[in-house]
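Engineer: Sharing a structure here in C-alpha cells format.
Readers should treat all values here as calculations from the given coordinates under stated rules, not as data from a laboratory. Since we're looking at a predicted model, the values are computed, not measured. Positions of Cβ are backbone-derived with ideal geometry, glycine not excepted, and every protein chain shown enters the neighbour counts.
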Amino acid sequence: MTSEITLFVNPTAGRGRGARAAQPAASALRAAGFSVRTVLGEDAADALV
C-alpha cells in the first residue's frame, strides 16, 4: 500500500522559492515511496479546490 501525500505549493512564496522547491520536494517524496499530488495556489482557498 502506497501512502499518499498532497503537497500544497504557493508559487509566489519567498519570491518564487516556493515554486522552485516544489519539484525537488515532490521527487524526494516519490523516491521515498510516497504517491504525491501537487496543488498550486496562492492562498488557503485555493487548497480547497
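Engineer: Expressed as a rounded percentage, what relative contact order does the chain have, with Cα pairs under 8 Å and six or more residues apart?
Structural biologist: Across the chain, relative contact order equals 47 percent.
Engineer: Return the calculated 222 nm mean residue ellipticity for the chain, to the nearest 500 deg cm²/dmol, obtained by summing -39500 (n - 2.57) across DSSP H runs with n ≥ 4 and dividing by the residue count.
Structural biologist: Theoretical 222 nm ellipticity from helices: -11000 deg cm²/dmol.
Engineer: How far apart, in nm, are the 7 Å Cα→Cβ label points at Ala19 and Leu7?
Structural biologist: With each label point 7 Å from Cα toward Cβ, the separation is 1.6 nm.
Engineer: Nearest 10 degrees is fine. How inclined is helix 17-31 to the longest principal axis of the chain, computing both from alpha carbons?
Structural biologist: 10
Engineer: Please label the shape of the chain as rounded, prolate or oblate, based on the square roots a ≥ b ≥ c of the eigenvalues of the alpha-carbon gyration tensor (a/c under 1.5 means rounded; beyond that, a/b larger than b/c means prolate, else oblate).
Structural biologist: Here the chain falls in the oblate category.
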